[in-house]
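Note sheet for the following structure.
Read-outs throughout are calculated quantities, based only on the coordinates presented, and are distinct from any laboratory measurement. The model shown is predicted, which means the values in this text are computed figures rather than measured ones. Note: ideal-geometry Cβ built from the backbone for every residue, glycine included; neighbour counts use all protein chains shown.
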Amino acid sequence: MKVQLKQKSILPGFGLAMGFVVLYLSLLVLIPLSATFLKASSLSWQQFWHIVSSHRAVASYRLSFGASAIAASINLIFGLIVAWVLVRYTFPGKRLLDSLVDLPFALPTAVAGIALTTIYSPNGWIGRFLEPLGIKSAYSPLGVVIALTFTGLPFVVRTVQPVLDDLDKEMEEAAASLGANRWQTISKIILPAVMPAALTGFSMAFARAVGEYGSVVFISGNMPMKTEITPLLIITKLEQYDYAGATAIAVVMLISSFALLLTINLLQAWSGGRLKRGSREDVNPEIAELGAVTN
Amino acid sequence: MAASITFGNPAATMGAARATTERTWVRWSLIGIAVTFLATFLFLPLAIVFSSALAKGFSVYFAAVREPDALAAIKLTLIAAGISVPLNLVFGVAAAWAIGKFDFVGKSLLITLIDLPFSVSPVVSGLIYVLIFGLQGLLGPWLAAHDIKIIFAAPGIVLATMFVTFPFVARELIPLVEAQGTEEEEAALTLGASGWQTFWRVTLPNIKWGLLYGVILCNARAMGEFGAVSVVSGHIRGRTNTIPLHIEILYNEYQFAPAFAVASLLALLALATLFAKSAVEWKARQYSEEMAKMSGESL
């Protein structure tokens, strides 16, 4: 049985490393996460349902998921353009822009939050131009979308870039020599090739946005039923010592993030499969690696 | 290679060039769209952090980053990062060794579990520790009876930081170690090296750039984490505030210049992180090219 579970290797240290990994993972992640479900199970089904389907909770899901979907879509469209421009064209300042794309990963969310709020507030750098047009950006759902667009910005760019980089130019040349115009080549050859990666990036940006807290709380204005995101509702309930309520909403969020994680893994398996089935016999190991890195 | 294929007819060559790239105006408008988008979402926030930080002059700036509460927040942030980054580094290396060098059942499940903290909302990441160690939590009564404080105290902040930065090093190293295979280690072992010698002299030099990269990202997140830490901290000024929480308090008190002054420290950290990341990527590329050349020569 043991032999079947693990293939033989002459390298030492499997037991030690594996033991430490499982212990650390259990203590820090698995046991605390299951404690949430344990706590939630002290609620009856009716109580649980009453909390998670209350008007205020539903309004917060609508905002969190709706704004995340819009922000992820903005990131999908602009991410494709940015990735394309960074891979295919040369222009001054390109390398600087390329490394700046990761800023939302590196800049703490609280800093991003106060910066965006200041920019989009009625007398801010951009807010002052939107205000006369009757567009309220900060302290409105639009502000939530802006903050979530910022946090999710790198995902699509970084998943699409390596795929575009590795795309065979010969396929495009073949299409062109067979009489396809540029738009046909892009829509029939290039877009289908990058679509799995783009969708992976889209769902990563979406998943990140749904749980995001720091960059949103400052700009949203936090009005219940209007601009209250789900993570903030959990905090509000905690501050009122409503632990059961906070836990119930947290369980909803956890289940949705597990579902999203599964979706992302399936999408990645799909894009991996596509690469293997591609016209090239030698599958670049780097892509497989990048797929795993962005997992 | 592909570029060297030329057609006899120059008109055909030009047609091929047009068919495999875009017209100049299309190209420049796409560049324009990308640059405008990135400038609005990336340059502007950075610019406003530094301009607001210095809006009231250098004296306000330095006073804000040197007042006792700010220093206490900086100290707590350094402690939290100083504990969580090394622990997650050891975990990452162990995970990379076990997963990257061996084949066993349930490998992909284990990788998914390691990635879990990335998909959990920061607020929920803090909440799970409140539900265990908080006063009403599972271990709450026992901890209270023994006068141990975890939630609304430094240990809770360290735990929450460890959770949110848990996967960084591991996810950077696992694919790297996997791609490198086991031949070099097997050779070292056959030649009589011990397990630890093999690890220090063969494996570690091969993964050092990826390791550094993971540590840099892990540290940036550890110092900047807001949501998870906010839930467990209790916001006690000068005692349980990290830098991001201190910024929040200042901002909510309408002390904008001091808030941005402290925020500019984290923005500088973010810029340093991006710079280090680019440098490490460049070094890693150089290293792998060198290795490829060497293995090419030995063939």
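Among B:Y129, B:Y287, B:Y254, which comes first, second and so on when ranked by fewest other beta-carbon atoms within 10 Å? It would help to have the intermediate numbers written out before the result.
Working: B:Y129 25, B:Y287 14, B:Y254 7.
Arranged by neighbour count, lowest to highest, B:Y129, B:Y287, B:Y254 become B:Y254, B:Y287, B:Y129.
Please report the equivalent ellipsoid semi-axes of the range B:142-194, computed as sqrt(5 x eigenvalue) of the Cα gyration tensor, largest first, in whole Å.
That gives 43, 16, 6 Å for the three semi-axes.
Under the Kirkwood approximation for Rh and a Cα-based Rg, what ratio Rg/Rh is obtained for the range B:29-71?
On the way: Rg = 15.9 Å, Rh = 12.4 Å.
When Rh is taken as the Kirkwood radius, the ratio is 1.28.
If you take the Cα atoms of the range A:106-191, find Rg, then find the Kirkwood Rh from the mean of 1/r over all pairs, what is Rg/Rh? Working shown, then result.
On the way: Rg = 20.3 Å, Rh = 16.1 Å.
The Rg/Rh ratio comes out at 1.26.
At q = 0.15 Å⁻¹, what is the base-10 log of I(q)/I(0) for chain A according to the Debye formula with one equal point scatterer per Cα and no solvent? Please give it to two decimals.
Each listed q maps to, in turn, -1.23.
If exposed means no more than 16 neighbouring beta carbons inside 10 Å and the site is in a DSSP loop, what's the longest run of chain A without any exposed chymotrypsin sites (Phe, Trp or Tyr not before Pro)?
Longest site-free region, per DSSP loop and neighbour criteria: A:126-240.
Toward the positive end of the charge dipole of chain B, about the Cα centre and with charges on Cβ (Lys, Arg +1; Asp, Glu -1), which of B:A73, B:G210, B:A63 goes farthest?
Looking along the dipole axis, the top candidate is B:A63.
Counting Lys +1, Arg +1, Asp -1, Glu -1, what net charge surrounds A:Y120 among other residues with beta carbon under 11 Å of its beta carbon? Provide the component values of the computation, followed by the final result.
Values: positive: A:R128, A:K136; negative: A:E131.
With Lys, Arg at +1 and Asp, Glu at -1, the net is +1.
Sort A:H55, A:H50 so the one with the fewest other Cβ atoms within 10 Å of its own Cβ comes first.
A:H55, A:H50
With θ set to phi - 60° and the Karplus curve 6.51 cos²θ - 1.76 cosθ + 1.60, what are the ³J(HN,Hα) couplings of the range A:120-131 in order, to the nearest whole Hz, using x for Gly and Pro?
For the range A:120-131, the Karplus-derived couplings read 9, 5, x, 10, x, 4, 9, x, 5, 8, 7, 4 Hz, x marking Gly and Pro.
With the alpha-carbon atoms as the only input, what is the per residue convex hull volume for the protein assembly as shown in Å³?
188
Of A:L116, A:L76, A:L133, which is the most mobile in a GNM of chain A whose springs link Cα atoms less than 10 angstrom apart?
It is A:L133.
Given just the C-alpha atoms of chain B, how large is their convex hull per residue in cubic angstrom?
225
May I ask you to sort A:I189, B:I151 by Cβ crowding, counting other Cβ atoms within 10 Å and putting the fewest first?
Ascending Cβ contact count within 10 Å gives the list A:I189, B:I151.
Treating cross-link reach as a plain straight distance, find the aspartates and glutamates whose alpha-carbon is under 15 Å from the alpha-carbon of A:K169, omitting any fewer than eight places away in the same chain.
Cross-link targets: B:E22.
Cα atoms only: what Rg and Dmax, in Å, come out for the range B:29-106?
Over the range B:29-106's Cα set, Rg and Dmax evaluate to 21.9, 61 Å.
Assign unit charges at the C-beta atoms only (+1 for Lys and Arg, -1 for Asp and Glu), then state the dipole size of chain B relative to its Cα centre in Debye, rounded to the nearest 20.
With Lys and Arg at +1 and Asp and Glu at -1, about 660 debye.
Based on the alpha carbon coordinates of the range A:79-156, what radius of gyration and maximum Cα-Cα distance (Dmax) apply, in Å?
Final numbers for Rg and Dmax: 14.6, 39 Å.
Can you give the local net charge around A:I10? Use residues other than it whose beta-carbon is closer than 9 angstrom to its beta-carbon, Lys and Arg +1, Asp and Glu -1.
That works out to -1.
Ratio to report: Rg/Rh of the range B:58-189, with Cα atoms as the point set and Rh obtained by the Kirkwood method; give two decimals.
Numbers: Rg = 19.8 Å, Rh = 17.6 Å.
Radius of gyration over Kirkwood radius for the range B:58-189 works out to 1.12.
Structure shown: which of A:K39/A:K226; A:K8/A:K39; A:K94/A:K226; B:K107/B:K208 lie over 32 Å apart, alpha-carbon to alpha-carbon? Provide the component values of the computation, followed by the final result.
Values: A:K39/A:K226 29 Å; A:K8/A:K39 42 Å; A:K94/A:K226 40 Å; B:K107/B:K208 24 Å.
Over 32 Å apart, Cα to Cα: A:K8/A:K39; A:K94/A:K226.
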